[in-house]
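Below: one structure, written as structure tokens.
The values are calculated or read from the model by the stated rules, or taken from the named source; none is laboratory data. Computed from a prediction, not measured in an experiment: that's the story for all the values here. Glycine gets a Cβ as well: all are built from the backbone with ideal geometry, and neighbour counts include every protein chain shown. Note: accessible area is taken over every heavy atom of the protein model, side chains too, but ligands, DNA and RNA are not part of it. Shrake-Rupley method; radii C 1.70, N 1.55, O 1.52, S 1.80 Å.
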Amino acid sequence: MPRSKLRFLSALVLCAAFWLPAAAQSVSGKISGTVVDDSGRVLAGATVTLINERTNDARNVTTNDSGDFIFNAIQPGYYTVKVEQRGFSVFQQQGIVLTATEHRSVGEVQLKVGQLTETVTTVAEGTPVQTESTEHSALITSKQIDQISIRGRDVTALLRVLPGVSYQGQSESAGNGFGSGIPNIQGGRNTQSTINVDGLRGNDLGSPSTFSSTVNFDAIGEVKVLLNSYQAEYATNSAASINVITKSGTSQYHGGGYWYKRHEQFNAQNFFNNLNRVNKPRYRFSTLGATLGGPVWLPKIGDKIKDKLFFFYSFEDSQTLNPQALRTVTVPTAAERSGDFSKSFLGLNSSGVPNPVFIRDPLKTGNCTATDKTACFDNNIVPANRINKNGQALLNVLPQPNALDLNITRGNYNYTFQESIKIPKRQNLFRVDYKPSEKNTFYVRGSTWFADNQGIAVPAGTANWGLAGLHYTYTDNGITGNWTRLISSQIVNEATLGVRHGVEKGPPLNDAELAKLQRKTYGFSLGQFFPALNPLNIIPQVTFNNITNAANITYDGRTPLRGADTLITFNDTISYTKGAHIMKAGFYAERARNYEGATSTFAGAFVFQNDLNNPLNSGYSYANALLGNFQQYTESNSRPSGEGSQSIVEWFVQDS
């Protein structure tokens, strides 16, 4: 058996040893064609050279007995195909664009009789029809990325221009505060779409419908989406496979800088802000970035590597103040907190007159209504000696009313709050491509991403009426390396190793904000069943039912939050070309770990409700709290963390 076939079969046996379900990920493609003469007869033994127009590196093959040639495991880019054969003029086709995962055919290359010193040059034009594979795919080119205006410069929002992608609102900035939502594509669930950056999966491990490996626009070379009918090697999930390809360095130096700015002075006032006589919120986005790429030059060995080693670097810094919607809630008045409900009411009636509240004394029998006040507190005032200090402390967590004009509020709320969340973000991305020899090609791409959401309504934040300010920080760092080995003109091996690590944290902004969550600040002294679960002595969560737009006390059960994801992947694929067949086999190994911070109702949770079945019911939830009459109390007896891990080995074999 020839050595080339023996090497291929040995590799195939090695892949088949991993006897588990199938899938692997790579972004490389193929370029193929057929060489014929003037009369249409195939030419065997012609030398075909594939030249990367950006870096000038080249790869050679010879046509087989059918005149066919195939270049396997080719990275996306711009290429020239050059064909030489004794007795014929040299043929050269430039500007061949190969996108990620594409099987590109240049068709029949016709050589004309002549001398090798003569060259016939053509330029590829138009959008080619893919004839070498059956998948349905869509492409966003770097030119489209440059020219299509996307407010937030977020790649997932750009997917909306493709057919079959559901509409979703634009994000304000790249990556939002944690990650970007993946849209539904061709009816598939967004949790089942895979989005990769240079072959490394970028879905968040805890929330797979979120893309958390953010890449800024100026670092993206193209976006290729495999919609359906794609080949076995890309079948990781049942929906679309989205491949984001980063830019790489070229044989010439290229760089650029940019600054984008948005400010509230250019915005119209919001209708509800106008209605409530609230000033225009701060809306400020300042994005500064730069890119640089080209050949690597080093002292003494510069000439030896200038055509072999290339780099690309991208930096982006974003400083944002993202306004949130105006919040309107109902909070207890100062009089109500002291027991005086004589002026309390629940909304307005059809005539625009307030509906008074009647507070029932649980120690009396009878009714407490507008016509029968037998069981009401005298003058709707709770005596000081009947006030529960812990219930009063919970009411004092809430802010004082600041919206008292009934012509505006219609009795539906008495407090307004609006904030602009501060989110500084930063990304660094680098890529190095190296071709030490004709048979070996390497590249390494690394990236860092950091976002710090500072405010109330941040991810895993507190009650959005302004309870307490938190940080929500998210970092995502990743690196991937690729090695393509040309074993022979028929056999190519491609191996990729990738690592990603993401961390999220949610501490209070400062000690003053932490104090807003602590029991001692309000004099809340009621004990707990399991106080060890609450080392920071955080106040319980509270729900007030039967009050329009009640100001509930809420926060994330993981407060202060901590979570982490780790993903390690390895992919190896070998292809063998024989005649019209492209046989390919490979395996994919993955180790994933997802940690979600310890969560539970660790500080307790009260429910105060106007419950007619409760004999201690006062008829008004805020009055029930003042009297200490809760309808329900919940407290967890443990605070478990969420820890998931998995190891996957998948394989495929295919013949195109």
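Assorted remarks:
- Residues that are among the charged types (D, E, K, R) and not in a helix (DSSP H, G or I) within the range 384-410 comprise Asp405, Arg410, listed in sequence order.
- Residue in the range 471-487 that is touching a Lys or Arg at 6+ places or on another chain (Cβ under 7 Å), in a loop (DSSP other than H, G, I, E, B) and not aromatic (Phe, Trp, Tyr) present: yes
- Looking across the range 498-514, the residues that are surrounded by fewer than 18 Cβ atoms within 10 Å (Cβ to Cβ) and touching a Ser or Thr at 6+ places or on another chain (Cβ under 8 Å) come down to Val499, His501, Val503.
- Condition met for Thr559 (open to solvent by less than 20 Å² (accessible area, probe 1.4 Å), among the hydroxyl-bearing types (Ser, Thr, Tyr) and touching a strand residue (DSSP E or B) at 6+ places or on another chain (Cβ under 9 Å)): yes
- Residues that are modelled with pLDDT under 95 and on the phi > 0 side of the Ramachandran plot were ranked within the range 326-372; the one that is nearest to the chain's Cα centre (by Cα) is Gly347.
- Top-ranked residue in the range 411-426 [being in a strand (DSSP E or B) and among the aromatic types (Phe, Trp, Tyr); ranked as nearest to Pro401 (Cα to Cα)]: Tyr415
- Filter result (in contact with a helix residue (DSSP H, G or I) (Cβ under 8 Å, 6 or more places away or on another chain) and in a strand (DSSP E or B)) within the range 261-289: Arg284, Gly289
- Looking only at residues in the range 90-103 that are at pLDDT 85 or above and farther than 16 Å from Thr141 by Cα, the one that is surrounded by the most Cβ atoms within 10 Å (Cβ to Cβ) is Phe91.
- In a residue-by-residue description of the range 173-183, the property of being at pLDDT below 85, surrounded by fewer than 23 Cβ atoms within 10 Å (Cβ to Cβ) and in contact with a Leu (Cβ under 6 Å, 6 or more places away or on another chain) applies to no position.
- Filtering the range 233-255 to residues that are aromatic (Phe, Trp, Tyr) and buried (at least 20 other Cβ atoms within 10 Å of the Cβ) leaves only Tyr234.
- The range 104-116 - residue that is over 25 Å from Ser656 (Cβ atoms) and open to solvent by less than 20 Å² (accessible area, probe 1.4 Å) and, of those, nearest to the chain's Cα centre (by Cα): Leu111
- Considering the range 339-353, and only residues there that are closer than 15 Å to Tyr620 by Cα and without any contact (Cβ under 8 Å) to a residue 60 or more places away in the chain, the residue that is least open to solvent (accessible area, probe 1.4 Å) turns out to be Asp340.
- Selected residue [closer than 30 Å to Thr573 by Cα, in contact (Cβ under 8 Å) with a residue 12 or more places away in the chain and either outside any strand (DSSP E or B) or open to solvent by less than 40 Å² (accessible area, probe 1.4 Å) (or both)] from Tyr258, Tyr230: Tyr230
- Flag for Ala495 being aliphatic (A, V, I, L, M) and either part of a loop (DSSP other than H, G, I, E, B) or open to solvent by 30 Å² or more (accessible area, probe 1.4 Å) (or both): no
- Among the residues of the range 607-618, those identified as surrounded by fewer than 21 Cβ atoms within 10 Å (Cβ to Cβ) and either in contact with a Phe, Trp or Tyr (Cβ under 6 Å, 6 or more places away or on another chain) or among the aliphatic types (A, V, I, L, M) (or both) are Val607, Leu612, Leu616.
- Test result for Gly164, surrounded by 24 or more Cβ atoms within 10 Å (Cβ to Cβ) and either under 9 Å from the mean Cα position of the chain (by Cα) or at positive phi (or both): no
- Tally of residues being in contact (Cβ under 8 Å) with a residue 24 or more places away in the chain, surrounded by fewer than 16 Cβ atoms within 10 Å (Cβ to Cβ) and either of a type in the set (S, T, N, Q) or part of a helix (DSSP H, G or I) (or both) across the range 515-536: 2
- Hits in the range 578-633 - residues which are among the polar types (S, T, N, Q) and either within 30 Å of Pro208 (Cβ to Cβ) or assigned to a strand (DSSP E or B) (or both): Asn594, Thr599, Ser600, Thr601, Gln632
- Leading residue by the ranking (farthest from Val503 (Cα to Cα)) among those in the range 585-604 that are in contact with a Phe, Trp or Tyr (Cβ under 9 Å, 6 or more places away or on another chain) and crowded, with 20+ Cβ neighbours inside 10 Å: Ala585
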